[in-house]
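To start, the structure under review is shown below, and the notes come after it.
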Amino acid sequence: MAVDRLLPTEEARDLIGLTRDVADKVLAPIVDEYEKTETYPEGVFATLGEAGLLSLPYPEEWGGGGQPYEVYLQVLEEIAARWAAVAVAVSVHSLSCHPLMAFGSEEQKQRWLPEMLGGATVGAYSLSEPQAGSDAAALACKATAVDGGYRISGAKAWITHGGIADFYNLFARTGEGSKGISCFLVPRDTAGLSFGKPEEKMGLHAVPTTSAHYDDAFVPDERRIGAEGQGLQIAFSALDSGRLGIAAVAVGLAQAALDEAVAYAQERTAFGRKIIDHQGLGFLLADMAAAVDSARATYIDAARRRDAGLPYSRNASVAKLVATDAAMKVTTDAVQVLGGYGYTRDFRVERYMREAKITQIFEGTNQIQRLVISRHLAG
Ligand SMILES: Cc1cc2nc3c(=O)[nH]c(=O)nc-3n(C[C@H](O)[C@H](O)[C@H](O)COP(=O)(O)OP(=O)(O)OC[C@H]3O[C@@H](n4cnc5c(N)ncnc54)[C@H](O)[C@@H]3O)c2cc1C
């Protein structure tokens, strides 16, 4: 059932309508096949770019959609309800445009931003390393200053879009400690950059996640974003926005699972009545609906703070924590509602449950979100 959204403008309502149309006509017919065969959906990104759905929260002067974050996230939620892997890819692409938009020079923006926002080039965000995930400040990949640029050596891990993306927001060490990290925009065809085999993941099968290896790769000065040593600040600033994207993806997944569970419970009978009419099951569905609605409210609240120019880092962590824990619970309960059938690949709730798990892990695990929130509480 389509979510009855309270949207701020007529334009936003049209955008949601357009997204539902693309989701029905482009995503829905192919999602099962591509997830099953673990195939990257070439062309889907171009379609989303042409529909203007890849750059919604960025200014129009740079080729963006000029939409409030509140609207962008609800569009993302609609995509996730059909195909979480594509929604994650859109969210990561949007996150990958943030460092250049927020910290790039005018000249850098003019050169690269329009093609990134138009979807002509696809982005990736490369912070994690094999030995440094939650503790990002411990990263070791090294960028040594040389004449005209930097020589990069080291390994990065878990890159969504690895090997497919055209540009990589690379965070590498140019000095000591947390102030010794810098951000670079690295093109895929850089000599000395190679990618590992796609990880064999529990879910999000259609979008590859790989490692990357830098072997004395040269990156010119003009590709450093922000000042030397500003990298971690840039990385965390992008993550505040990105976490809201993951919260919206989680709500989309939870909504899809709820819809499927309700439809099934209205059809299936046991003990002479529809299972939805057994109070024990009806109350389970009611709790699922309450979890989805309240999770949506947390991300919209955080997005409105961001749109108003207020601090929202704590709210983004609350939204990510609440929405992704809700998605895990709601998708697990949806499997329960379908009984044995829910445990088979014949029904999508099985996929939703596998996909919900990653939302509790990436862009800061939920333990790390609690750390962020508790630090805010401690002042
Ligand atoms: C499918 C997928 C896609 C990804 N995409 C990207 C991407 O595009 N770009 C990118 O840079 N990274 C990406 N990641 C990496 C992801 O962000 C990390 O996996 C995540 O941040 C956790 O890091 P880790 O795996 O090293 O776990 P660790 O940091 O080793 O943590 C292991 C466990 O310890 C807990 N823990 C660690 N520190 C603390 C603490 N201080 N207090 C309490 N508990 C703690 C964690 O919560 C976790 O449960 C992706 C990962 C996956 C699986």
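Out of all the residues in region 12-25, is one or more under 18 Å from ARG306 (Cα atoms) and in contact with a helix residue (DSSP H, G or I) (Cβ under 9 Å, 6 or more places away or on another chain)? Checked region 12-25: at least one residue is under 18 Å from ARG306 (Cα atoms) and in contact with a helix residue (DSSP H, G or I) (Cβ under 9 Å, 6 or more places away or on another chain). Of the residues ARG370, ARG345, ARG351, the single one that is crowded, with 17+ Cβ neighbours inside 10 Å and either under 22 Å from ALA89 (Cβ atoms) or at pLDDT 95 or above (or both) is ARG351.
Tallying residues that are within 10 Å of the ligand (Cβ to nearest atom) and either assigned to a helix (DSSP H, G or I) or among the charged types (D, E, K, R) (or both) within region 93-139 yields 6. The residues of region 140-167 that are surrounded by fewer than 24 Cβ atoms within 10 Å (Cβ to Cβ) and either among the charged types (D, E, K, R) or within 10 Å of the ligand (Cβ to nearest atom) (or both), listed by number, are LYS142, ASP147, ARG151, ALA157, TRP158, ASP166. In region 269-278 there is at least one residue matching the filter, namely being assigned to a helix (DSSP H, G or I) and surrounded by fewer than 18 Cβ atoms within 10 Å (Cβ to Cβ).
Being in contact (Cβ under 8 Å) with a residue 12 or more places away in the chain, within 16 Å of the ligand (Cβ to nearest atom) and either surrounded by fewer than 17 Cβ atoms within 10 Å (Cβ to Cβ) or polar (S, T, N, Q) (or both) is a property that holds for SER182. Listed by position, the helices (runs of 4 or more DSSP H) inside region 310-379 whose residues that are away from the ligand (no atom under 16 Å from the Cβ), of a type in the set (Gly, Ala, Ser) and touching a residue at least 40 places away in the same chain (Cβ under 8 Å) number at least 3 are 313-337. The criterion of at least 3 residues that are of a type in the set (A, V, I, L, M) is met, among strands (runs of 3 or more DSSP E) falling completely within region 141-237, by 142-146, 149-160, 181-187, 209-220. For region 13-59, a tally of residues being modelled with pLDDT of 95 or more and in a helix (DSSP H, G or I) returns 22. Here TYR72 meets the list (1) over 22 Å from PRO8 (Cβ atoms); (2) more than 16 Å from the ligand (Cβ to nearest atom); (3) in a helix (DSSP H, G or I) almost entirely, failing just condition (1). If you filter region 1-12 down to residues that are in a loop (DSSP other than H, G, I, E, B) and in contact with a Pro (Cβ under 9 Å, 6 or more places away or on another chain), you find that the one that is farthest from VAL292 (Cα to Cα) is THR9.
Against the criterion of being among the hydroxyl-bearing types (Ser, Thr, Tyr) and within 13 Å of the ligand (Cβ to nearest atom), THR190 does not qualify.
When we screen LYS156, LYS109 for residues that are of a type in the set (Lys, Arg), modelled with pLDDT of 95 or more and out of contact with any strand residue (DSSP E or B) (no Cβ under 7 Å at 6 or more places or on another chain), the only hit is LYS109. Within region 129-167, the set of residues being among the hydroxyl-bearing types (Ser, Thr, Tyr) and free of Cβ contacts under 8 Å to residues at least 60 places away in the same chain comprises THR144 only.
The values are calculated or read from the model by the stated rules, or taken from the named source; none is laboratory data. Please read these numbers as outputs of a predicted model, since none were measured by experiment. Here Cβ is always computed from backbone atoms with ideal geometry, including for glycine, and neighbour counts include all displayed protein chains.
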